[in-house]
1. Determine, for the range 9-112, the count of lysine pairs separated by eight or more sequence positions (or lying on different chains) whose alpha-carbon distance falls under 23 Å.
2. Which one of Gly84, Gly257, Gly48 has the biggest mean-square fluctuation once the chain is modelled by GNM with Cα springs under 10 Å?
3. Using θ = phi - 60° and the Karplus relation 6.51 cos²θ - 1.76 cosθ + 1.60, list the HN-Hα couplings for the range 22-28 in order, rounded to whole Hz, with x at every Gly or Pro.
4. So what J values fall out for the range 150-165 if you push phi through Karplus, 6.51 cos²θ - 1.76 cosθ + 1.60 with θ = phi - 60°, rounded to Hz, Gly and Pro as x?
5. When the helix-only estimate is applied to the chain (DSSP H runs of n ≥ 4, each -39,500 (n - 2.57), divided by the residue count), what is the mean residue ellipticity at 222 nm, nearest 500 deg cm²/dmol?
6. Could you tell me what a quarter of the Cα convex hull surface of the range 195-273 works out to, in nm² with one decimal place?
7. To test your reading of the geometry: what angle, between 0 and 90 degrees and rounded to tens, separates the Cα axis of helix 167-189 from the longest principal axis of the chain?
8. Can you give me the long-range amide H partners of Ala100? Hydrogens built in the peptide plane at 1.01 Å from N, cutoff under 5 Å, separation of 5 or more residues or another chain.
Amino acid sequence: MASVFVWDANLVEKDIKENNVNPNSCEIIPGAFIRRPMVSGIRLVDSGSGKEGQIWDNGLLKVSRWWKEEPNQLEWTLFARNSGFISENNSSKEIQKDNADWLEVPWLRDNLGIGNLKYLLKNKIITTSLATILAFPLLFTLTQYVTYKVMTITTQNELSLIKEDTQNIRIQRRNAISNLSSIEQLISLNNHPHQIEILSSIHSQISPLGLSLITWDYAPGKLEFSFESNDKVNSISLIKDLEKDYLFHNVSASTRGTRQILKMNIKTKQEINR
């Protein structure tokens, strides 16, 4: 159900301007909505420029009629009959005058939340207070944002300075890692044990015999070394001991002047792990 009212917009706007008010800041409300309502019944009330007949049904203004002057009894009866108010159960014909009180808020707002919201938004005191309340958290959030933004910029500047200061160190580190990778790749290409491991094993064999290394000639997979001793050394026994070592095979011996020379092959890593 709906209540429909029609008015002359130009005439109303003219009246508003004559009272030095901005029409855009005004809400136009029919006079029937700002007079105290009835629950059910019929009445004649004074309007701003005449008389208004009203018929109420269960809290709703169902019929409204305007007269410039107070209607006579016949006009009133016809109004009541044509609106369906007078029936067999309701035969009242007397004019019931009611000077209803003016309301500060239209009565229809009690049942219309959206209307209440519009009214509150047009109330300058309420909107100013509401804007002030909302401004505090907004201002706080804005302040926090600016603070964090400044902190972020400062941190980024400090990181940029640190990055510039450590650039040489980072370049050296990167080159060292690159060189290390190259060295590891080269080492991985050698299929034989490290030379330090071979030297350690030879030393463990000749040291108990009191022998001194004179020359050392190593190539991947092959070794030749010479030694001297004040005592006579049993080359056959030394060859057997070296053959028993997990690193060597095909050991042979020869003599060059006072030096004893031993030649041997070095086992590969695969042969050692078998």
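Laboratory data are not the source of any read-out in this text; all were calculated from the coordinates shown. Since the model is a prediction, treat every value here as computed from it, not as a measurement. We place every Cβ from the backbone using ideal geometry, glycine too, and count neighbours over all the protein chains shown.
1. Lysine pair count for the range 9-112: 10.
2. Residue with maximal mean-square fluctuation among Gly84, Gly257, Gly48: Gly257.
3. Going residue by residue, I get 6, x, 5, 9, 9, 10, 8 Hz, with x marking Gly and Pro.
4. 3J(HN,Hα) across the range 150-165, in whole Hz: 4, 4, 5, 5, 4, 5, 5, 5, 5, 5, 5, 5, 4, 4, 5, 5.
5. Working: 8 runs with 122 residues, N = 274.
Helix contribution divided over all residues of the chain: -14500 deg cm²/dmol.
6. Working: hull surface 19.7 nm².
For the range 195-273, the mean projected area of the Cα convex hull comes to 4.9 nm².
7. Around 50 degrees separate the two axes.
8. Amide H neighbours of Ala100, under 5 Å, 5+ apart: Asp46.
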